[in-house]
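S.K.: What follows is a single structure, and I will ask about it in a moment.
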Amino acid sequence: MSVVSFSKQGNIGLISIDNPPVNALSQAVRAGLRDAVAQGLADESVAALVLWCEGRTFIAGADIREFGKPMQPPDLPAVTKSMEDARKPIIAAIHGTALGGGLEVALACHFRIALPTAKVGLPEVKLGIIPGCGGTQRLPRLIGVKGALDMIVSGEHVAATKAHVLGVIDEIVEGDLKAQAIAYAQRLAAERRAPRRVSEARAKTESPGFFDEYRKSIAKKSRGFLAPFRAIDAVQAAAELPFDAGMKREREIFAELVASPQSKAQRHVFFAEREVAKIPGLPPDVKPRDVKSVGIIGAGTMGGGIAMCFANAGLPVKLLEMNRENLERGLNTIRKNYANTVSKGSLKQEEMDQRMALLAPTLSYDDFKDVDLVIEAAFEDMGIKKEIFAKLDAVCKPGAVLASNTSYLDINEIAASTKRAGDVMGMHFFSPANVMKLLENVRGAKTAPDVYATAMEVGKKIRKVPVLVGVCHGFVGNRMLAKRSRECGFMLEEGALPQQIDKVLYDFGFPMGPFAVSDLAGLDVGWRNRKSIFDKLSPREQANNILDQICDLGRYGQKTGAGFYKYDEKRNPTPDPLIEELIIKHSRERGIARRRVGDQEILERALYSMINEGARILAEGIAARPLDIDIVWIYGYGFPVYRGGPMFYADQIGLKTIYEAILKYQKQVGEEYWRPAPLLEKLAKQGKGFYSEA
Ligand code: 3HC
């Protein structure tokens, strides 16, 4: 069966694309489209053509899997040129999503109609590229430079109804799209309407300086990314050059970006995001359990945020606290959060009311007897957790999934406090839980497959990116983070200052440096954790008590107006000479001669320490694949998307280079801190990467 077919309905030629799952423009589709258009044009009995797609969507773009491989003809610009140049009108009939190359094909058609549920967009920047088939040249000619830039630079999908107002879509139709499109084409044919070519229009030039202003307006949000800025260059070409010259410019920029490391990384993330949801080795007959109601223990910052996630997804939540006061406080915080969103116009008052109505406060475990899933978000203390799980075991119905939101503690030990370890697992949310996308789902040694399948399914339902990991101290994210924190702490005593380390990691692409993050999270959090594991720390780690000294001064970070930095009333940080003095004094007292720690050393020690730990995590099976680790770091810790995550980044640097650096730091910092992970060593010696092993 061909992926593109041509048929006739009276005097209308119907071109149908059928290339599941998303009708991507693979080589076969491009060739089929070219041939079908030629057939329709050659047939004298055909007055107009309709392009429509089978299945769930219109063309969702170029076939991303073909990027980075040699181009197989015909190329898309040639196909779309033949469509736009056609002497008979072509109508694109859009349902689902017309994205990227899909919208570009539609823009090369002469008319566009869509169902109200459809969406259109040019999301190429999210893959580190720009539209490569006239999107940057036709869209500004069709809807104006500003509207086109907003769509292309953000990459966001736009609802068909809005696209209609913008002028992308000519008509919104209801009901049977194919029949409507044929009727539309018949009307055009009857009226003898000539093809309307977008390329013949002019992109209205905006005021002088407009493009520079636009660049400035995205500077902060798009920091580090190449594609959004290059997209502006391409749209500027549409405003300043004739169509053909603009197309050439667009193609050059597209080719340059497709070959860039950023695009390679962003394409990797696109597929990793989808792959991460698939659980390796899960038997196909395992079905997730039904989750229609949820119980949450603890209405503090975490519990409250988690409750919001479920209410946002329309699920009723029973929210349990130890006393009325905590409960009131928790509910008030949730109410305030929602009210804030309402005041910004991103949520309607009725929606807020509906969500609040889904939250049922309670002081009694008995109210949990019918819920399908419980998430415990109480204090991080094993004794408390065990008590709670024993109570849940006594109260909850058989088959309820019992999850802990712990960020460090041993899920197996928690599970052992129940008689149903198979139903117990970790569901580790990240703060603020209603905002952060990552959900680390932790399966214990005895967790039943349908239980962790349920947690993955629930994660998707509440619009998180769930990643399945195994049990160890800190799981994937915090375990790797601990290594980075240790090295950053060491570098402070050796000669670096917080602002230098923060700048290096900020410039690498993290939204904030590690010390600024600690100030944001509250230094008391890390301090408490340090105290709880103090006996397990090495003598050097124990003696490196800069954090203790800062906390002893009552400086807990942003919330107290000072931590590693001092903060003004708007919470803007400035380096504090007092902290610099404290650190220098600390080094002196510890007998460490301070030296200039270079930026490259900072970067390597911060990142390679994490990557080395990532290799151990992989070898131990705590993460099933390198992509699980990459997704944890991108969605939980702000690892720059355009670097693909720590394991992908490691492969780009080369494991041999990293291995050699580890040996160098082993000599410099100490054997106990810098021992190459056996997997990393093995791959480095074989000249392989984490992904070549996968
Ligand atoms: N190329 C190749 N495969 C694609 C693809 C594409 N453009 N879009 C989706 N897929 C694959 C996914 O990898 C997934 O594969 P899997 O089942 O093996 O995991 C499958 O199609 C289904 O995708 P989703 O799971 O994402 O399905 P959803 O229904 O949730 O979402 C979608 C559908 C909104 C279309 C989403 O897939 C999407 O956003 N796709 C990418 C759209 C895009 O970026 N288009 C631009 C491409 S670049 C381009 O066109 C360049 C041009 O300017 C020349």
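S.K.: So which of Q27, Q39 ends up being within 27 Å of G128 (Cα to Cα) and more than 12 Å from the ligand (Cβ to nearest atom)?
M.R.: Numbers: Q39 fails: within 27 Å of G128 (Cα to Cα).
Answer to the selection: Q27.
S.K.: Take segment 416-433 and flag every residue that is open to solvent by less than 10 Å² (accessible area, probe 1.4 Å) and part of a helix (DSSP H, G or I).
M.R.: Answer for segment 416-433, where residues must be open to solvent by less than 10 Å² (accessible area, probe 1.4 Å) and part of a helix (DSSP H, G or I): there is none.
S.K.: Which residue pairs have Cβ atoms closer than 9 Å, lie 6 or more positions apart in sequence or on different chains, and pair a first residue in segment 204-233 that is more than 18 Å from M151 (Cβ to Cβ) with a second residue that is among the polar types (S, T, N, Q)?
M.R.: From segment 204-233, the pairs are G224/Q262; L226/S260; L226/Q262; L226/S263.
S.K.: Please tell me if I579 is buried (at least 22 other Cβ atoms within 10 Å of the Cβ), at pLDDT 95 or above and farther than 30 Å from R643 by Cα. Please lay out each step first, then the result.
M.R.: Numbers: buried (at least 22 other Cβ atoms within 10 Å of the Cβ): yes; at pLDDT 95 or above: yes; farther than 30 Å from R643 by Cα: yes.
So I579 passes the test.
S.K.: While we're looking at this one, here's another question. Give me the residue from segment 619-636 that is within 12 Å of C472 (Cα to Cα) and of a type in the set (A, V, I, L, M) and, out of that set, least open to solvent (accessible area, probe 1.4 Å).
M.R.: We begin by selecting, within segment 619-636, every residue within 12 Å of C472 (Cα to Cα); these are 620-623.
Subset that is of a type in the set (A, V, I, L, M): 622-623.
On the way: I622: 17, A623: 1 Å².
Top of the filtered list is A623.
S.K.: Let me ask something else. In segment 599-608, which residues are farther than 16 Å from V632 by Cβ and within 24 Å of the chain's Cα centre (by Cα)? Explain how you work it out, then say what you get.
M.R.: Just the residues of segment 599-608 that are farther than 16 Å from V632 by Cβ, to begin with: 599-606, 608.
Answer for segment 599-608, where residues must be farther than 16 Å from V632 by Cβ and within 24 Å of the chain's Cα centre (by Cα): L603, A606, Y608.
S.K.: I'm checking my understanding of the structure. Among residues of segment 538-547 that are within 12 Å of S485 (Cβ to Cβ) and aliphatic (A, V, I, L, M), which one is surrounded by the most Cβ atoms within 10 Å (Cβ to Cβ)?
M.R.: Restricting to residues being within 12 Å of S485 (Cβ to Cβ) and aliphatic (A, V, I, L, M), the top hit is L547.
S.K.: Report, by residue number, each residue of segment 75-95 that is within 13 Å of the ligand (Cβ to nearest atom), touching a helix residue (DSSP H, G or I) at 6+ places or on another chain (Cβ under 7 Å), open to solvent by 10 Å² or more (accessible area, probe 1.4 Å) and more than 18 Å from V258 (Cα to Cα).
M.R.: Across segment 75-95, the qualifying residue is only H95.
S.K.: For segment 1-96, which fully contained strands (runs of 3 or more DSSP E) count at least 1 residues that are of a type in the set (A, V, I, L, M) and more than 18 Å from A108 (Cα to Cα)? First the steps, then the outcome.
M.R.: Details: elements: 4-9, 12-17, 48-53, 90-94.
Where strands (runs of 3 or more DSSP E) fall fully within segment 1-96 and carry at least 1 residues being of a type in the set (A, V, I, L, M) and more than 18 Å from A108 (Cα to Cα), they are 12-17.
S.K.: Mind counting the residues in segment 1-24 that are at pLDDT 95 or above and either under 36 Å from the mean Cα position of the chain (by Cα) or open to solvent by less than 10 Å² (accessible area, probe 1.4 Å) (or both)?
M.R.: 15
S.K.: Moving on to the next point. Looking only at segment 25-53, count every residue that is free of Cβ contacts under 8 Å to residues at least 60 places away in the same chain and either under 23 Å from D75 (Cβ atoms) or exposed (fewer than 15 other Cβ atoms within 10 Å of the Cβ) (or both) and tell me the total. Can you show your working first?
M.R.: Within segment 25-53, the first condition is being free of Cβ contacts under 8 Å to residues at least 60 places away in the same chain, and the residues that meet it are 26-32, 34-46, 51, 53.
Subsequent filtering for residues that are either under 23 Å from D75 (Cβ atoms) or exposed (fewer than 15 other Cβ atoms within 10 Å of the Cβ) (or both) retains 26-32, 34-42, 44-45, 51, 53.
The qualifying residues number 20.
S.K.: Same structure, new question: Among the numbered criteria (1) part of a loop (DSSP other than H, G, I, E, B); (2) open to solvent by 20 Å² or more (accessible area, probe 1.4 Å); (3) small (G, A, S), which single criterion is violated by S485?
M.R.: (1)
S.K.: Of all residues being within 8 Å of the ligand (Cβ to nearest atom) and not in a loop (DSSP other than H, G, I, E, B) in segment 125-135, which is nearest to A78 (Cα to Cα)? Just the residue, please. Show your work before the answer.
M.R.: Start the filter on segment 125-135 by keeping residues that are within 8 Å of the ligand (Cβ to nearest atom), which leaves 126-127, 129-133, 135.
With the extra rule that they be not in a loop (DSSP other than H, G, I, E, B), the set shrinks to 126-127, 135.
Working: K126: 24, L127: 23, G135: 14 Å.
Per the stated criteria, the residue is G135.
Residues are listed down the side, and each one gets a yes or a no for (1) open to solvent by 40 Å² or more (accessible area, probe 1.4 Å); (2) touching a residue at least 60 places away in the same chain (Cβ under 8 Å):
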residue	(1), (2)
E351	yes, no
P361	yes, yes
K369	yes, no
L373	no, yes
M382	no, no
A394	yes, no
V401	no, yes
S404	no, no
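S.K.: Follow-up question, since we're still on this one. Have a look at Q668, Q652 and point out the one that is in a helix (DSSP H, G or I) and without any contact (Cβ under 8 Å) to a residue 24 or more places away in the chain. Quick ask: steps written out before the conclusion?
M.R.: Numbers: Q652 fails: without any contact (Cβ under 8 Å) to a residue 24 or more places away in the chain.
That would be Q668, the only listed residue that is in a helix (DSSP H, G or I) and without any contact (Cβ under 8 Å) to a residue 24 or more places away in the chain.
S.K.: Looking at (1) farther than 24 Å from A148 by Cα; (2) in contact with a strand residue (DSSP E or B) (Cβ under 6 Å, 6 or more places away or on another chain), find the lone condition where G101 falls short.
M.R.: (1)
S.K.: Just one of the numbered conditions (1) more than 16 Å from the ligand (Cβ to nearest atom); (2) part of a helix (DSSP H, G or I); (3) within 27 Å of P228 (Cα to Cα) is not true of A148; which one?
M.R.: It is condition (1) that A148 fails.
S.K.: Take the conditions under 19 Å from D366 (Cα atoms) and in contact (Cβ under 8 Å) with a residue 60 or more places away in the chain and apply them to A299. Does it pass?
M.R.: Details: under 19 Å from D366 (Cα atoms): yes; in contact (Cβ under 8 Å) with a residue 60 or more places away in the chain: yes.
Spelling it out, A299 is indeed under 19 Å from D366 (Cα atoms) and in contact (Cβ under 8 Å) with a residue 60 or more places away in the chain.
S.K.: Give the residue, chosen from R187, R215, R202, that is of a type in the set (D, E, K, R) and part of a loop (DSSP other than H, G, I, E, B). Break it down stepwise before answering.
M.R.: Details: R187 fails: part of a loop (DSSP other than H, G, I, E, B); R215 fails: part of a loop (DSSP other than H, G, I, E, B).
The unique qualifying residue is R202.
S.K.: List the number of the failed condition for P284; all other conditions in (1) within 16 Å of the ligand (Cβ to nearest atom); (2) outside the structural domain of L107 (by TED's automatic domain parsing); (3) in contact (Cβ under 8 Å) with a residue 12 or more places away in the chain; (4) not aliphatic (A, V, I, L, M) hold.
M.R.: Only one criterion is unmet by P284, namely (3).
S.K.: Which condition from (1) touching a helix residue (DSSP H, G or I) at 6+ places or on another chain (Cβ under 9 Å); (2) open to solvent by 20 Å² or more (accessible area, probe 1.4 Å); (3) modelled with pLDDT of 95 or more is the one that L655 breaks?
M.R.: Among (1) touching a helix residue (DSSP H, G or I) at 6+ places or on another chain (Cβ under 9 Å); (2) open to solvent by 20 Å² or more (accessible area, probe 1.4 Å); (3) modelled with pLDDT of 95 or more, L655 violates only (2).
Quick grid of which residues meet (1) near the ligand (Cβ under 10 Å from one of its atoms); (2) among the hydroxyl-bearing types (S, T, Y); (3) open to solvent by less than 10 Å² (accessible area, probe 1.4 Å); (4) more than 16 Å from A227 (Cβ to Cβ):
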{"site": "T97", "(1), (2), (3), (4)": "yes, yes, no, yes"}
{"site": "G101", "(1), (2), (3), (4)": "yes, no, yes, no"}
{"site": "A108", "(1), (2), (3), (4)": "no, no, yes, yes"}
{"site": "R112", "(1), (2), (3), (4)": "no, no, yes, yes"}
{"site": "P123", "(1), (2), (3), (4)": "yes, no, no, no"}
{"site": "Q137", "(1), (2), (3), (4)": "no, no, yes, yes"}
{"site": "I143", "(1), (2), (3), (4)": "no, no, no, yes"}
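S.K.: Hey, can you tell me all the residues within segment 434-449 that are buried (at least 20 other Cβ atoms within 10 Å of the Cβ) and either within 12 Å of Y635 (Cα to Cα) or touching a Lys or Arg at 6+ places or on another chain (Cβ under 6 Å) (or both)?
M.R.: L438, L439, E440
S.K.: Right, here's the next one. Any idea which residue in segment 151-169 is farthest from the ligand (Cβ to nearest atom), counting only those that are in contact with a helix residue (DSSP H, G or I) (Cβ under 8 Å, 6 or more places away or on another chain) and part of a helix (DSSP H, G or I)?
M.R.: Taking segment 151-169 first, the residues in contact with a helix residue (DSSP H, G or I) (Cβ under 8 Å, 6 or more places away or on another chain) are 151-158, 166-169.
Filter again for part of a helix (DSSP H, G or I), leaving 151-154, 166.
Numbers: M151: 13, I152: 10, V153: 14, S154: 13, L166: 19 Å.
Among them, the one singled out is L166.
S.K.: May I pose another question? Return the total of residues in segment 54-74 being within 13 Å of the ligand (Cβ to nearest atom) and open to solvent by 20 Å² or more (accessible area, probe 1.4 Å).
M.R.: Total meeting the criteria: 12.
S.K.: Which residue out of F389, F379 is part of a loop (DSSP other than H, G, I, E, B), over 27 Å from the mean Cα position of the chain (by Cα) and of a type in the set (F, W, Y)?
M.R.: Details: F389 fails: part of a loop (DSSP other than H, G, I, E, B).
Among F389, F379, only F379 is part of a loop (DSSP other than H, G, I, E, B), over 27 Å from the mean Cα position of the chain (by Cα) and of a type in the set (F, W, Y).
S.K.: Can I ask one more? Can you confirm whether segment 226-241 contains a residue that is over 30 Å from R625 (Cβ atoms), loosely packed, with under 14 Cβ neighbours inside 10 Å and of a type outside the set (A, V, I, L, M)?
M.R.: yes
The values are calculated or read from the model by the stated rules, or taken from the named source; none is laboratory data. Just so it is clear, the structure is predicted and the values come from calculations on it, not from any experiment. For neighbour counting, all protein chains shown are included, and Cβ atoms are generated from backbone atoms with ideal geometry for every residue, glycine included. Each accessible area value is taken on the protein alone, full model and side chains, heavy atoms only, with ligands, DNA and RNA left out. Shrake-Rupley method; radii C 1.70, N 1.55, O 1.52, S 1.80 Å.
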